[in-house]
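Where a number appears in this text, it was derived from the coordinates with a stated rule and is not lab data. The structure displayed is predicted, hence computed values, not measured ones. Don't worry about glycine lacking a Cβ; one is built from the backbone with ideal geometry, like all the others, and counts go over all protein chains shown.
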Amino acid sequence: MKKNSILYVQTSDHPERQYSPLVLAQTAQAMDIDAKVYYLGQGLRVLKPGAAEKIKAGSFPVLSEIIKKTLDMGIEIYVCQASKQMLGMDKVSLIPGLKIVGASTLNDLALEADTTMWF
């Protein structure tokens, strides 16, 4: 039997919108659901070195800790290479552990997932 799957797509660099896809992916994994996160467009701005350490919402830990926990749980985080180029970040290193992929990967992941959620 195929394991259920969810793809969370982050398109925003707004600080308060950063936590939902990561926390939901962690929760999905705890529920034995295959979860993946894909960063697209403006969402990439928070993945530059030092940026996630500056984002904190409410009583949550800083965003960099949430990203690290997500990766440590084995949840794949994908980053759109075309978005890196569009934002002039093609030579910028991002947080270690992220997978830089082509734009077609988003289509493949969405077709493979049982559902997608966009942020």
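Just a few scattered comments:
- Set of lysines near Lys54 by C-alpha distance (under 20 Å), chain-local residues within fewer than 8 positions excluded: Lys68, Lys69
- Here Ala103 and Val23 are evaluated by their C-beta separation; at R0 = 22 Å the FRET efficiency comes out at 0.25.
- Within the chain: Cβ-based charge dipole about Cα centre, in debye rounded to nearest 20 (Lys, Arg +1; Asp, Glu -1): 320 debye
- Amide H contacts for Tyr39 (H built 1.01 Å from N in the peptide plane; partners 5 or more residues away or on another chain; cut-off under 5 Å): Gln10, Tyr78, Val79, Cys80.
- Distance between modelled label sites at Asn4 and Ala82, nm, 7 Å Cα→Cβ extension: 3.1 nm
- Sequence-distant aspartates and glutamates (8 or more away, or on other chains) whose Cα lies within less than 18 Å of Lys48: Asp13, Glu16, Glu65, Glu76, Asp90
- Using the rule -39500 (n - 2.57) for each DSSP H run of four or more residues, divided by the residues of the chain, the 222 nm mean residue ellipticity is -9000 deg cm²/dmol.
- Under-5 Å amide H pairs with Ile55, H placed in peptide plane, nonlocal only: Leu63, Ser64
- Mean shadow area of the stretch 5-118 over all directions, Cα convex hull, nm²: 6.4 nm²
- Reported to the nearest whole Å, the Cα centre-to-centre distance from the stretch 37-62 to the stretch 74-104 is 13.
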